[in-house]
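Worksheet for the structure shown next.
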Amino acid sequence: MQKLLSIVVPSYNAEKYLEYNLNSLCLEGILDELEVIAVDDGSKDSTPEIIDRYADKYPGTVVPVHKENGGHGSGINAGIKHATGLYFRVIDADDWANGEDLKNLISYIKSLSDNLPDIIAGGFYWVYGHDDSAPYKAEFEKPFEGVEYKHIYKFDEVAEKAYIKMHSLTIRTEILKKHDIKIDEHCYYVDTEYILYPIPYVDTVVFLDDHLYRYSISRAGQSMNPQQMMKNKTQYDHVLEELFKFYEKASTMECVSDKKRLYIEHLISRVYASRIKILLWDRISPATRKELINMEENLKKKYPEIYRNNVIKVVDLFRTSGYWLYYPAAVVQHLKK
């Protein structure tokens, strides 16, 4: 019997968190429908042994994959390669799933007939700790306002109001395999590649009113904290350039409607806005402001549609002010950092 859901758990030196993650997935009642692809990305701690132990404990559910270190993207790529489930999603090793919502997701997939939505989108919680006892909050209490939950939409119907993050995304595995979706390896910040590259091939989407994914945001050294983003800004620039290349290619594809193109523009504009935030964390100086202006002029010249379809209000304020708001905004960011 085909598994209904494959979950890849990319893991690198994750011994502190991995057992909690795997315990949140390997639940009685869904083991036959679930495939957990636990990827050891060349770890130097006890991560490989933990993965093998869970594979022995849950044969047929936990699939161990041991590989050389290649970064978060390579873990996702390995998961796509090994996945056999009808649907696919990613849960990082230092995060976990809510058991009830995971069971409900599998139950929903089981209830589907031949009319399979390409994407199942749900909510997630930010957690200020590493287990369910920690404080948490939702980015949006209703993850997707203005939609009817469990109604299968054409993607174009909701493209303007949807923003489906990696933590929200469950996608048909066939789309990833058939179109050879691969994301950058040895690089941070590839989540947007993963959620954007399949979009040209997506026709339908359904929304669930849940918060399955529990995203821990309190671990020291996480890639999205200011110090790490400053340190890794070259990698961030690389991913942004890859997204621009994808946009150029997608804009020529017959399967990419105007609504899909706008969705892609909106998401890339969000990534670009975070690149501006990295500049705000840099030293406060006229030279940094000039760098911001040059970056903006380059975007406007090369990708005018992405420039025009910005969705981040602060970016619009910068532009309206002639970028003089750079100085107070940079001061505020330095105080937060």
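The values are calculated or read from the model by the stated rules, or taken from the named source; none is laboratory data. Note that the structure is a prediction, hence the values are computed from the model and not measured. A quick note on method: Cβ atoms are made from the backbone with ideal geometry, for glycine too, and the neighbour counts reach across all protein chains shown. Keep in mind that these areas ignore ligands, DNA and RNA; they rest on the heavy atoms of the full protein, side chains included. Shrake-Rupley method; radii C 1.70, N 1.55, O 1.52, S 1.80 Å.
Taking a ≥ b ≥ c as the square roots of the eigenvalues of the Cα gyration tensor, segment 282-330 is oblate, since a/c reaches 1.5 or more and a/b is not larger than b/c.
If you find the alpha carbon centre of segment 285-303 and of segment 153-193, how far apart are they in angstrom? The distance from the Cα centre of segment 285-303 to that of segment 153-193 comes to 29 Å. The base-10 log of I(q)/I(0) for the chain, evaluated at q = 0.08, 0.09, 0.11 Å⁻¹, reads -0.39, -0.50, -0.75 [Debye formula, identical scatterers on Cα atoms, solvent excluded].
Sequence-distant contacts, meaning Cα pairs under 8 Å at least 6 residues apart, place the relative contact order of the chain at 17 percent. Under conditions of 37 °C and 0.692 mPa s, segment 118-262 yields 195 µm² s⁻¹ as its translational diffusion coefficient, taking Rh as the Kirkwood radius over Cα pairs in the Stokes-Einstein equation.
By DSSP, what percent of the beta bridges with both residues in the chain are antiparallel, rounded to the nearest 5? Working shown, then result.
On the way: 12 of 36 bridges.
Just about 35 percent of them are antiparallel.
Can you give the translational diffusion coefficient of segment 203-289 in µm²/s, computed by Stokes-Einstein from the Kirkwood radius over Cα pairs at 10 °C and 1.306 mPa s? Reported coefficient: 100 µm²/s.
Please give the residues of segment 160-178, grouped as numeric ranges, whose backbone N is less than 19 Å from a label point set 7 Å along the Cα-to-Cβ vector of D316. Hits in segment 160-178 for D316 at 19 Å: 160-163. For segment 114-266, the relative contact order is 36 percent, taking Cα pairs closer than 8 Å that sit 6 or more residues apart in sequence and dividing their mean separation by the residue count. Which GluC sites (Glu not before Pro) in segment 137-194 pass both tests, a DSSP loop state and at most 12 other beta-carbon atoms within 10 Å? In loop regions of segment 137-194 (DSSP not H, G, I, E or B), the sparsely surrounded GluC sites (Glu not before Pro) are E141, E145, E148, E160. Please label the shape of segment 81-196 as rounded, prolate or oblate, based on the square roots a ≥ b ≥ c of the eigenvalues of the alpha-carbon gyration tensor (a/c under 1.5 means rounded; beyond that, a/b larger than b/c means prolate, else oblate). Judged from the Cα gyration tensor, segment 81-196 comes out rounded (a/c under 1.5).
Atom-type composition of the exposed protein surface of the chain places 50 percent of the accessible area on carbon and sulfur (1.4 angstrom probe). Note on the chain: GNM, Cα springs under 10 Å; of G122, G146, G75, the largest mean-square fluctuation is that of G146. Taking all protein chains together, H186, H211 sort by accessible area into H186, H211, largest first [probe 1.4 Å]. What is the angle, in °, between the Cα long axis of helix 47-57 and the longest principal axis of the Cα atoms in the chain? Nearest 10 is fine, range 0 to 90. Taking Cα atoms only, the helix is inclined about 30 degrees. The alpha carbon gyration tensor of segment 69-141 gives principal lengths a ≥ b ≥ c with a/c of 1.5 or higher and a/b no greater than b/c, which makes the shape oblate. Other residues within the sphere of radius under 11 Å centred on the Cβ of L112, judged by their own Cβ, net out at +2 (K and R +1, D and E -1). A DSSP coil position with no more than 10 other Cβ atoms inside 10 Å describes the following trypsin sites (Lys or Arg not before Pro) in segment 247-317: R283. Once C-alpha pairs closer than 8 Å and six or more residues apart are averaged by separation and normalised to the residue number of segment 252-321, the relative contact order reads 44 percent. Once the 1.4 Å probe is applied to the protein heavy atoms, the chain comes out at 46 Å² accessible per residue. In the P(r) worked out for segment 236-286, what percent of Cα pairs fall beyond 14 Å? In whole percent, the share of Cα-Cα pairs in segment 236-286 beyond 14 Å is 57. Annotation: aspartates and glutamates with alpha-carbon distance below 20 angstrom to K137 (same-chain offsets under eight excluded): D92, D94, D95, E100, D101, E145, D209, D210. If you take the Cα centroid of segment 315-337 and the Cα centroid of segment 4-66, the two points sit 43 Å apart.
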